[in-house]
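A.B. asks: Structure in structure tokens, see below.
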Amino acid sequence: MASSSTFDLRSLALHHSRLRAFVVALVRDEEAADDAMQEVWIRALSSAPKEPRALGAWLRAVARNVVLNRQRSGSRRRFRERQVARAEALPSSADLAERSEVQRRVLEILESLAEPHRTLLRDHYFGGLSIPEIAARSGASVHTLKDRLQRARAVMRRALERAGYADRDTFRWAVVGTLVGAPSRRPISSLIACSFAMKKILVVAAFLLLGTAWILASMARVPDPQPYESVLITETAPAELQPLVIESPAEPLTSARRVAPGAAALHAEAMATTAPDFDWVVRGRVVFSENAGGELLARTLPRVQVRLSAYHGYDLSGTAFATTVVTSSEDGAIQWALPNPGRTVSIRAELLDVPGHDAWIREHHLAVLGEGPVESIFVLVNPRDALVEGTVRASAAASVPGAAIVGARVVYNGAETMSDELGAYRLAVPSRGYGGLIATAEGYRRGGVTPGELSAGAISQVDIVLDPEPGPEGMVFGYVRDAGGSVVSGARVRCWSSREEVVLTDTTGYYELHGIRAYPGSAVSIEASHHAFAPHEALVKGLDDPAPRDEGTQLDFELVSGSRVEGAVTDAFGNRIRGAEVWIGPSADLVANPRVFTDDDGQFSFEHIPPHPTLIGVDKHGLPGHVQALQVPQDGEAVRLSITLRRAMPLRGRVVDEAGAPVPRVMVLARTGAAHESVEVTAMTDVDGRFEIAGAAEGELEVETRADGWMREVRSHRHMGDDLELVVERSSRISGRVVDAVTGDPIEAFTVRFARSDDESHAWLGWIDISWIHGGRTFSSVDGTWSTGEKDLIRRGAWTYVEVEAEGYEVLRLGPLQVPVDGSEEGPGAEWIHELVRP
């Protein structure tokens, strides 16, 4: 035992809860399991294998032998061993006094921490509250609280190290007893407690170190320290699959909360058999995002790691009953074999860090009972194959116009960097990214600019100008009460002006928001929310007036409980539909919409929906979606709905160009319903230009085609199951060259903007990025050239005005200009020379 390393002890600690569940499943008695576990750990601490991968199987074999031996010896022998345990195995009074003193000092350090670290650590470790329970009480999300807990543990660890106790054995014992002895950490605390009944004090010390290694490891790990343990199964998984890693919650099998057999019982039974059934396989693929709709094998990503986790039921807020890390194969495939859970299971996929890439994964995949495991987990990856560089500077409205902004945070998609002492930044980004390049800095308004079309391997010059924050900071204060006038403590009050501010109401329902800035003539949005009420949002105007800023502006909230919205979803034949996603909100695209799944009886329910007109929608793979208006009553009366999804018919067809040649990689969208209640399903054309949409509804459809380099076409179609031929027109491009009108030399930095034609009879350009119309697109080119991109869809023959600006020159406005109708597929459809004149 003296030679056991901290790593070995930590490994043993991680196996404790899993192994104990296995022993409980064998002996079916909690007390007998604890006795058997003592003997198992004595053997483990004296002769554990050096190879970590063999530790799980070795421990199970030891446990099985111990249980068999103890069953042969009978209950009398176990009773005698407990009675003759020597008193010297227990800690002395001096030891207990010393440890109590250290525990007191640890608690003092905890209480000295700033909020919210102190309360979060106290509630989680001492109050025995789980992260989902704290989330329900505070209104914060589970993921947010896990991140906060990670930071709080790091702060606590540094405070303990500063106190000088990091390496003392008595301190380690105190950490175990103080932070792990709460009800939510029963497996380890019970391990320490039962170790005091050992006959040898050396064994006691070993178990104290074992528990210490666990808690110190948990404070250093990134994930939230849950009572898991990892077991590597290699002897039962099929040879062609990745090894299965299962993490089981350390929960007694006798728990009354279990509807189906618990995870521990499930895996104990699986490993107790010689040939478990692993025919339930979750599958997916890692692909480059531009190929998400087709040609997956041509652009897949091999040898990247993906973490898959499985949860019982329809949500991800609980504890995963199994998890694994798999590596994608040469064709990008990922797969996970595990025993059939016999119930609906939720799957979460997470891409482990792949340097130089951004990734997007749908968070929630549902394996509905009776429909088999998930077969379509796509990890969409974008390589950061382009460079954007430039400077972040203050605008003309700043006290020092044009001053370099140091330490500005510049973000584009998943990539970010900071500006240096000259205000310069350099950022590797995906060339197929989207949206704007966003910059934030202390004392300045959040600003951004669209970088334009990016090319793989190329460098784009994009300068960002930020306006200063408007005026001094102000304050908003008030009370949050319910409809009866009672105070609501612990309500979350959130404001987003120049930055997000969040506070909780105190015991009197009072709150104060400081640091609020209002832009001239604008309003500030403030929201109050509580888990027992519907959220309430209000707009505060006049905060740019100096008087309210000095005195503060009062805003009181009255929260109502809202209504319960419930119902059932059926298909056209009256069958209840399981696993359909139901959402409520003003639009299907809003991330903040409340979302639930219909349960195994096709039922769904929402709590605390605010009383106002909104929409409710239902989505189910393979069936047409559904959206309808929802009027939530003011009196809080429950709303009961019965939603029927229409019959689905496959919509097949072919997309061709004007010459009749097939066009691959065109997205085809089929929409049903009115504008605000429309439902959309999509498919991508293959190399022959063919497509098939499985979930299209029978009846009137609006069909649209989208593809880079091709004009969008929208047409009506009555869907009766027949084939559809869609003709698309190639888009044109516009380019130009900006030069000095006198010298003819190219101007290297300039901005180009489009404007509508004054003649309403002229056709507009079509689908172009909105930045071309408002702020314009900024270019930096040594030869003064500029061009629209592949995604800017400009119809041939369209008309427009073009404005060109450059520092030191007058603004040039040209037009109306017509895009030639014979635009080349390879090159621009129009090339203009812009001669700028100095004032």
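The values are calculated or read from the model by the stated rules, or taken from the named source; none is laboratory data. Bear in mind the structure is a predicted one, so any value in this text is a computation, not a measurement. Cβ placement follows ideal geometry from the backbone for every residue including glycine, while neighbour counts extend to all protein chains displayed.
A.B. asks: Pairs only if they're at least six apart or on different chains, beta carbon under 6 angstrom, first in the stretch 308-324 and in contact (Cβ under 8 Å) with a residue 60 or more places away in the chain, second of a type outside the set (A, V, I, L, M) and part of a loop (DSSP other than H, G, I, E, B); list them, first residue then second.
C.D. replies: Hits for this filter: T319/P249.
A.B. asks: Only one of G490, G478, G474 is touching a residue at least 60 places away in the same chain (Cβ under 8 Å), closer than 28 Å to E537 by Cβ, in contact with a helix residue (DSSP H, G or I) (Cβ under 8 Å, 6 or more places away or on another chain) and crowded, with 19+ Cβ neighbours inside 10 Å. Can you tell me which?
C.D. replies: Among G490, G478, G474, only G474 is touching a residue at least 60 places away in the same chain (Cβ under 8 Å), closer than 28 Å to E537 by Cβ, in contact with a helix residue (DSSP H, G or I) (Cβ under 8 Å, 6 or more places away or on another chain) and crowded, with 19+ Cβ neighbours inside 10 Å.
A.B. asks: Turning to a different aspect of this structure: Tally time: how many residues in the stretch 317-334 are on the phi > 0 side of the Ramachandran plot and surrounded by fewer than 18 Cβ atoms within 10 Å (Cβ to Cβ)?
C.D. replies: Of the residues in that region, 0 qualify.
A.B. asks: Only one of these is farther than 22 Å from V821 by Cα, assigned to a loop (DSSP other than H, G, I, E, B) and modelled with pLDDT under 90: D758, D722. Name it.
C.D. replies: D722
A.B. asks: Mind checking which helices (runs of 4 or more DSSP H) fall wholly inside the stretch 73-166 and carry at least 1 residues that are more than 27 Å from D34 (Cβ to Cβ) and at pLDDT 60 or above?
C.D. replies: 93-112, 117-121, 131-138, 142-162
A.B. asks: Name the single residue that is nearest to A572 (Cα to Cα) among those in the stretch 614-636 being at pLDDT 90 or above and exposed (fewer than 15 other Cβ atoms within 10 Å of the Cβ).
C.D. replies: Q628
A.B. asks: So which strands (runs of 3 or more DSSP E) stay within the stretch 452-559 end to end and still have 3 or more residues that are in contact with a Leu (Cβ under 8 Å, 6 or more places away or on another chain)?
C.D. replies: 474-482, 492-496, 524-529, 536-540
A.B. asks: So which residues in the stretch 657-672 are assigned to a strand (DSSP E or B) and either outside the structural domain of H717 (by TED's automatic domain parsing) or closer than 26 Å to G699 by Cα (or both), if there are any at all?
C.D. replies: M667, V668, L669, A670, R671, T672, listed by residue number.
A.B. asks: G435 is checked against (1) within 30 Å of F288 (Cβ to Cβ); (2) surrounded by fewer than 16 Cβ atoms within 10 Å (Cβ to Cβ); (3) touching a residue at least 40 places away in the same chain (Cβ under 8 Å) and fails just one. What number does that condition carry?
C.D. replies: Result: G435 passes all but (3).
A.B. asks: Among the numbered conditions (1) out of contact with any Lys or Arg (no Cβ under 8 Å at 6 or more places or on another chain); (2) part of a strand (DSSP E or B); (3) among the charged types (D, E, K, R), tell me where E389 comes up short.
C.D. replies: Evaluating E389 over (1) out of contact with any Lys or Arg (no Cβ under 8 Å at 6 or more places or on another chain); (2) part of a strand (DSSP E or B); (3) among the charged types (D, E, K, R) leaves (1) as the failure.
A.B. asks: Moving on. Does P820 count as at pLDDT below 80 and either touching a strand residue (DSSP E or B) at 6+ places or on another chain (Cβ under 9 Å) or in the same structural domain as V742 (by TED's automatic domain parsing) (or both)?
C.D. replies: Yes: the conditions hold for P820.
A.B. asks: Quick one: which residue in E473, E537 is under 29 Å from the mean Cα position of the chain (by Cα) and more than 30 Å from F750 (Cβ to Cβ)?
C.D. replies: Being under 29 Å from the mean Cα position of the chain (by Cα) and more than 30 Å from F750 (Cβ to Cβ) holds for just one of E473, E537, which is E537.
A.B. asks: If you don't mind, there's one more thing I want to ask. Scan the stretch 294-321 for residues that are among the small types (G, A, S), more than 30 Å from V668 (Cα to Cα), modelled with pLDDT under 90 and touching a strand residue (DSSP E or B) at 6+ places or on another chain (Cβ under 7 Å) and jot them down.
C.D. replies: Matches in the stretch 294-321: G318 only.
A.B. asks: Considering only the stretch 335-354, I want to know if a residue exists there that is assigned by TED's automatic domain parsing to the domain that holds T300, surrounded by 20 or more Cβ atoms within 10 Å (Cβ to Cβ) and within 30 Å of R426 (Cβ to Cβ).
C.D. replies: Yes, the stretch 335-354 contains at least one residue that is assigned by TED's automatic domain parsing to the domain that holds T300, surrounded by 20 or more Cβ atoms within 10 Å (Cβ to Cβ) and within 30 Å of R426 (Cβ to Cβ).
A.B. asks: Right, G567: over 30 Å from G478 (Cβ atoms), modelled with pLDDT under 90, touching a strand residue (DSSP E or B) at 6+ places or on another chain (Cβ under 6 Å) and outside any loop (DSSP other than H, G, I, E, B) or not?
C.D. replies: No, not satisfied.
A.B. asks: Moving to a separate point now. When the stretch 343-363 is examined, which residues are found to be closer than 10 Å to Q305 by Cα and not in a loop (DSSP other than H, G, I, E, B)?
C.D. replies: Matches in the stretch 343-363: E350, L351.
A.B. asks: Right, another one. Looking at this structure, is E512 outside the structural domain of F604 (by TED's automatic domain parsing), modelled with pLDDT under 85, at negative phi and loosely packed, with under 15 Cβ neighbours inside 10 Å?
C.D. replies: Answer is no for this residue.
A.B. asks: Does R517 satisfy being in contact with a Ser or Thr (Cβ under 9 Å, 6 or more places away or on another chain), of a type in the set (K, R) and in contact (Cβ under 8 Å) with a residue 24 or more places away in the chain?
C.D. replies: yes
A.B. asks: Still on this structure, I have one more. How about the stretch 393-415: which of its residues are crowded, with 17+ Cβ neighbours inside 10 Å and not in a loop (DSSP other than H, G, I, E, B)?
C.D. replies: If the condition is that a residue be crowded, with 17+ Cβ neighbours inside 10 Å and not in a loop (DSSP other than H, G, I, E, B), then R393, A394, V410, V411, Y412, A415 are the ones that fit.
A.B. asks: Among the residues of the stretch 423-437, is any touching a Pro at 6+ places or on another chain (Cβ under 8 Å), of a type in the set (G, A, S) and under 22 Å from W496 (Cβ atoms)?
C.D. replies: yes
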